[in-house]
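Student: Submitted below is the structure of interest, expressed as structure tokens.
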Amino acid sequence: MKAAATPAINNDKFFPTFSFGESEANRIMMKAIGKTQKNYPSIKFHLYSGNAQYVEEQLDQGIFDLGIVTDPVDLSKYDYLKLPTLDTWGVLMKKDSELAKLDTISPKDLLDKPMIISNQEMVKNGISGWLGGNQRALNVVTTYNLFYNAMLMCEENVGYVLTLKNLHNESDESSICFKPLHPPLTLRSHIVWKKYKVFPKAIEIFLEILNEEIKKKQ
């Protein structure tokens, strides 16, 4: 795709607005945004972060053009593209904590630990299923809606964080580490938009580039 093929775009009208949760699946979106702006410099983007409930509410109200949502989600009210990345659930913890010596974390490992979990109902339901319907057995000391503050609480030894892999850039210097759940718990992400929505040319271009990136991963 050549920059010379750029269509005439009115900068005042072509600012696609996206809403994302926190997920490694977002990386492919960022790559597509980068390629779009390289080939079509007049296309700019507005990005907003929020949890899944926020993303769906803003999409349903027509405030955002596109959003990333994760299973379980009712896709019947959206058009969508399935993203190729599966997110893995696990536990973030201090490297000197009792569970850090384990390779994976089972439900019984968490029952007596101070837990920091997402306040989203879909997350609570997924974790409850993984726990065998026994979520109330967890000692939940704090809930969160976005990851950064949960990570800070983990670093300050408030508790163990139920979260997704790759949100924390683990290094030798970091005081915390991530351990996956066992049995494994994964989820799929989708980029969605309201059904029958007529998009301006800028979003059509972006979705074409995104679809190319998705196909490369399949």
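Student: Which numbered condition trips up LEU86, out of (1) within 21 Å of the chain's Cα centre (by Cα); (2) open to solvent by less than 20 Å² (accessible area, probe 1.4 Å)?
Tutor: The number of the failed condition is (2).
Student: May I ask you to verify whether ASN166 is touching a helix residue (DSSP H, G or I) at 6+ places or on another chain (Cβ under 9 Å) and assigned to a loop (DSSP other than H, G, I, E, B)?
Tutor: Yes: the conditions hold for ASN166.
Student: Also, quick follow-up: Could you list, in sequence order, all residues of the range 188-209 that are in contact with a Leu (Cβ under 7 Å, 6 or more places away or on another chain) and either among the charged types (D, E, K, R) or open to solvent by 10 Å² or more (accessible area, probe 1.4 Å) (or both)?
Tutor: Passing the criteria: ARG188, TRP193, LYS194.
Student: Would you say GLU212 is open to solvent by 90 Å² or more (accessible area, probe 1.4 Å) and either within 20 Å of the chain's Cα centre (by Cα) or at pLDDT 90 or above (or both)?
Tutor: Spelling it out, GLU212 is indeed open to solvent by 90 Å² or more (accessible area, probe 1.4 Å) and either within 20 Å of the chain's Cα centre (by Cα) or at pLDDT 90 or above (or both).
Student: Sort through ALA52, ALA100, ALA137 and tell me the only one that's in contact with a Ser or Thr (Cβ under 9 Å, 6 or more places away or on another chain) and among the small types (Gly, Ala, Ser).
Tutor: Going through ALA52, ALA100, ALA137 in turn, just one is in contact with a Ser or Thr (Cβ under 9 Å, 6 or more places away or on another chain) and among the small types (Gly, Ala, Ser): ALA52.
Student: Across the range 180-218, which residue is nearest to ASN125 (Cα to Cα) among those that are assigned to a loop (DSSP other than H, G, I, E, B) and among the aliphatic types (A, V, I, L, M)?
Tutor: LEU185
Student: Report the residue count in the range 148-171 for those that are touching a residue at least 60 places away in the same chain (Cβ under 8 Å), open to solvent by 90 Å² or more (accessible area, probe 1.4 Å) and farther than 28 Å from LEU210 by Cα.
Tutor: Of the residues in the range 148-171, 1 are touching a residue at least 60 places away in the same chain (Cβ under 8 Å), open to solvent by 90 Å² or more (accessible area, probe 1.4 Å) and farther than 28 Å from LEU210 by Cα.
Student: A further question follows. Tell me, yes or no, whether the range 172-179 has at least one residue that is of a type in the set (Phe, Trp, Tyr), part of a helix (DSSP H, G or I) and surrounded by 12 or more Cβ atoms within 10 Å (Cβ to Cβ).
Tutor: No: zero hits.
Every residue, every condition in (1) more than 25 Å from HIS168 (Cα to Cα); (2) modelled with pLDDT under 90; (3) open to solvent by 20 Å² or more (accessible area, probe 1.4 Å), yes or no:
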| position | (1), (2), (3) |
| --- | --- |
| ASN39 | yes, no, yes |
| ILE43 | yes, no, no |
| ASN51 | no, yes, yes |
| VAL55 | no, yes, no |
| ASP71 | no, yes, yes |
| TYR80 | yes, no, yes |
| PRO107 | no, no, yes |
| PRO114 | no, no, yes |
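The values are calculated or read from the model by the stated rules, or taken from the named source; none is laboratory data. For clarity, every value in this text was computed on a predicted model and none was experimentally measured. In this analysis, Cβ positions are derived from the backbone assuming ideal geometry, glycine residues included, and neighbour counts consider all displayed protein chains. To get the accessible areas, we keep the full protein, side chains included, count just its heavy atoms, and leave off ligands, DNA and RNA. Shrake-Rupley method; radii C 1.70, N 1.55, O 1.52, S 1.80 Å.
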